[in-house]
Amino acid sequence: MERLSSKGPQNVPADAVPPTIEAAFSVHAMLGTQQVARLLEMDVKTLRKHIGAGELVGRLKGLGRKRRHRVFTLSDVTRFLNRPDEDASCRSIVTKTARTGNSTSRSTVIAFPDRPNSPVVNVTRRPSRMGKKHAITDDMVSKMVEARRLDVRRSGRDSDGKQLYRPITARTVNKTTLSLLRRVMHRARDNWNATILREPKWKKHWLKETKRPIREITLGEEAILDDAEDADFAALRRFGIITGLRRRNLILTWPQVDFAAAEVRVITKGGVPRVVPLSREAYAILWARRGQHETNVFTFVAQRTRPCPKTGKRFIRGQRYPITYYGMGSNKRKWAKVGVDARIHDMRHTTGSRTLRKTGNLKVTQELLGHSDIAITAKFYANVMIEDVRAAMEMTSAVPIDDQAVKKTIKIPE
């Protein structure tokens, strides 16, 4: 198809152009697709179909910094309006009637030919509401799981400082692959009207998870860490064991602390706001930090002048700086030097274990740790009740056995 120049023939009669269009082009020499569609009172998608069919020809602009877009002149729009008669009866141009806001504007209009003794019948065929079919099969899910199992994660460094890696656990594979994909498919089915003809059998793809025992920091290990750590980091560790907050929530600022109500306010995992009460010891730890920093609660004193490896900020010896998320990880190296093989998150496990052991109340432990479901608390801290099982066994073994009752229950041959 021969491309028409934007300068085109100028002998088009002026009365063939509506006054609104002529007024718009008197201000701007060229208009974009959106502006032309608005002037023609036509849907943008329909106008683009006319452009694709070659009925409305313009030029491309924006070959430099600006994004490429199509523009049209008055002659281009005039030729489009003065098309041959067989194409002039385009039903895509909206009439002067007000828009109703329903789905009719997205419908396809079918004009049937004239029938004997009957007028022209226009039938509106609306888009099908049947959702699209997916092509996620059990075979694809199996391949996805196998590919995910090949991934590794960092696992510390060796004596020479070389980075070590270990395979990811089955729980990580299930959580990041199967569970995530199942949630997306169910959301597509429930919210996006997608049709799932045959859903994968998730249970047969689920990997068996090995339950890792809960690591609890003992009182003896706490005494060792008190001697190894600085006073500022020791106070932060003690506050974390008392409150059971996660590592990220331990980076407190003063607006989060309410001394009058003896509580702190944090945003926990999942963006859920939570209020944590303060015990007397936790209250005293925060009270002693007043005046050390303008915004942050827990700070440390720089032991030497050095640049921060993460941010590049320069630490000056003797000055106080906020304890950051990564600063807690750097301080944990002292734990390994004194023989305490524990993670920072084990402080939270210590809180849950000690609370459940002292109170025996699973609901209180759930509220302290901020679990959304008590089943999560029972799953991780059920082994804490082993002391109760041992006590019950001792009580059972202390009951005297009635020989006559045993003989009545079990027939002993004479």
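Brief remarks follow.
- Relative contact order of the stretch 138-205, pairs being alpha-carbon contacts under 8 Å that are 6 or more residues apart, as %: 32
- Annotation: the residues Arg154, Arg238, Arg248, sorted from fewest to most other C-beta atoms within 10 Å of their own C-beta, follow the order Arg154, Arg248, Arg238.
- As a proxy for reagent exposure, Asp139, Asp232 were ordered by neighbouring Cβ count within 10 angstrom, fewest first; the result is Asp139, Asp232.
- Neighbour counting of Cβ atoms within 10 Å sorts the residues Trp287, Trp202, fewest neighbours leading, into Trp287, Trp202.
- For the stretch 219-390, taking Cα atoms only, Rg and Dmax work out to 17.1, 55 Å respectively.
- Isotropic mean projected area of the C-alpha convex hull, the stretch 138-205 (nm²): 5.7
- A cut-off under 11 angstrom between Cβ atoms defines the neighbours of Pro200, and their net charge, with Lys, Arg +1 and Asp, Glu -1, is +2.
- Long pairs among Lys269/Lys363; Lys175/Lys337; Lys208/Lys332; Lys162/Lys334, criterion Cα-Cα beyond 27 Å: Lys175/Lys337; Lys208/Lys332
- Cα gyration tensor shape of the stretch 203-262, rounded if a/c is under 1.5, else prolate or oblate by comparing a/b with b/c: oblate
- Sites Val301 and Lys208, calculated FRET efficiency, Cβ-Cβ separation with R0 41 Å, nearest 0.05: 0.25
Each reported figure results from applying straightforward, stated rules to the coordinates on display, with no laboratory input. The shown structure was predicted, so the numbers you read here are calculated from the model rather than taken from an experiment. Cβ sites come from the backbone with ideal geometry, for glycine too, and all protein chains shown count toward neighbours.
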